[in-house]
Amino acid sequence: MLEIRQLEKHYKGFQVGPIDLCIEAGSATALIGANGAGKTTLFRSLIGVVSPDRGTVTLAGQQCDPAQGLWRQQLGYLGDYQPFFDRWTGERNLSAIARFYPSWSHDYALQLASRLQLNLQQKAHTYSTGQRTKLALISALAHKPKLLLLDEPANGLDPVSRDEFLTVLFEHLEDGDTALLYATHHISELEGLADRLVFFHEGRIYDDVIKEDLLESWRLLTFTAEKEMGGAPHLQSLMSELPGQKLLSSNYEATLDYLRQQGVRDVEATRLSTDQIVVQILKAMLREDGQHV
């Protein structure tokens, strides 16, 4: 659905890319990284607001040329700024946006507004931050896009609205025709939504992994040993109050083999959540930069 090849954007003192990334229809990919990693620049390059210095972006087999706008009809985007006409009602704003999308469904837009509890008869300038986010979500989804690009989309939403929004995203992915690229700092949202995690750091892809693979390979190992096991393979962190020790491993089977060879006792392996694993990977990224964690 989305193919990015050797994409680069250069700024003074900072470069995004080169980026190579392919996203299949029916998949949900989370883009994870610290502030300033280049995620928003990547999104803006994908929607044609920023012109890359090098590389190509292809959407559903069609090259995304900023000079040609029809390919954007297959795209739904929500970013950090929502440019609505403040003196217009929510409904009038949506009607204006609908003209650009032949596949726009007025009925579906009203359905989404009802589910998200948004009054479309209010003028946009009276909306709270969360209400503006809801209006932006409707504008991104009502034309049933083939690719959804969501940059911190749930900001400002209350817990109930956020839960309903995630349910709507699941529904869009169920038919297998829509792909999702989702950047968020709310890691808990990734637990049930994303099937692939792309870690973004200093303008480049740091790691690209299937979420289930991470959940299967990472473990917290608790054991007893007379000496510290700081030399264990795939060690991410070690907490030791001899003889009791706790070791975080990114490949627990290999680590277990090593520990057994060392004669450790009372080994217990505990699964980790997506949140816990993602935090550890983010910490590793910072450690490689020599930043304090």
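Worth a mention:
- Axis of helix 159-174 versus longest Cα principal axis of the chain: the two differ by about 90°, to the nearest ten degrees.
- Point-charge dipole on Cβ atoms (K/R +1, D/E -1) for the range 27-114, about Cα centre, debye to 20: 100 debye
- Computed magnitude of the charge dipole of the range 96-147 (debye, nearest 20; Cβ of K, R +1, Cβ of D, E -1): 100 debye
- Charge dipole of the range 108-218 about the Cα centre (unit charges at C-beta), most positive-ward option of 127, 154, 138: 127
- With a threshold of 30 Å on the Cα-Cα distance, the over-threshold entries among 9/283; 39/211; 146/283 are 146/283.
- Highest GNM mean-square fluctuation among 232, 154, 194, for the chain modelled with Cα contacts below 10 Å: 232.
- Kirkwood hydrodynamic radius of the range 1-112, from inverse mean 1/r over distinct Cα pairs, in Å: 16.0 Å
- A straight Cα-to-Cα reach below 18 Å connects residue 144 with the lysines 134, residues fewer than 8 places away in its own chain not being considered.
- Accessible-area composition of the range 232-293, carbon plus sulfur, in percent [1.4 Å probe]: 45 percent
- Options 49, 61, 242, ranked by Cα towards positive dipole end of the chain, top entry (Cβ charges): 49
- Placing pseudo-labels 7 Å out from each Cα toward the beta carbon at residue 8 and residue 270 gives an inter-label distance of 4.7 nm.
- Helix content alone sets the calculated 222 nm mean residue ellipticity of the chain: runs of n ≥ 4 DSSP H residues at -39500 (n - 2.57) each, divided across all residues, give -9500 deg cm²/dmol.
- Spin-label model distance (nm) - residue 117 vs residue 195, 7 Å beyond Cα toward Cβ: 3.2 nm
- Convex hull of alpha carbon positions in the range 69-222: directionally averaged projected area 11.2 nm².
- Net charge of neighbours whose Cβ lies under 15 Å from the Cβ of residue 115, counting Lys and Arg as +1 and Asp and Glu as -1: -3
- Rolled with a 1.4 Å probe across the full set of protein chains, the surface gives residue 16 an accessible area near 0 Å².
- Across the range 114-241, the relative contact order, built from alpha-carbon pairs under 8 Å that are at least six residues apart, equals 18 percent.
- The chain: relative contact order in percent, alpha carbon pairs under 8 Å with at least 6 residues between: 20 percent
- Sorting 218, 104 by solvent-accessible area of protein heavy atoms yields 104, 218, largest first, with a 1.4 Å probe.
- Counting only Cβ charges, +1 for Lys and Arg and -1 for Asp and Glu, the dipole size of the range 187-293 around its Cα centre is about 280 debye.
- Per residue accessible area of the chain, 1.4 Å probe, in Å²: 49 Å²
- Accessible surface of the range 151-191, 1.4 Å probe, proportion on carbon and sulfur as whole %: 51 percent
- The figure for residue 126 is an accessible area of roughly 70 square angstrom, using a 1.4 Å probe on the protein chains alone.
- Solvent-accessible area, 1.4 Å probe, carbon plus sulfur percent, for the range 34-144: 47 percent
- Straight-distance candidates among the lysines for linking to residue 227, with alpha-carbon spacing under 22 Å and chain neighbours fewer than 8 residues away dropped: 246.
- Comparing 99, 115, 162 in a Gaussian network model of the chain (Cα springs below 10 Å), the most mobile by mean-square fluctuation is 99.
The values are calculated or read from the model by the stated rules, or taken from the named source; none is laboratory data. Quick caveat, the model's predicted, so the values are computed rather than measured. Glycine gets a Cβ as well: all are built from the backbone with ideal geometry, and neighbour counts include every protein chain shown. When the accessible area is computed, the model is the full protein with side chains, heavy atoms only, and any ligands, DNA or RNA have been set aside. Shrake-Rupley method; radii C 1.70, N 1.55, O 1.52, S 1.80 Å.
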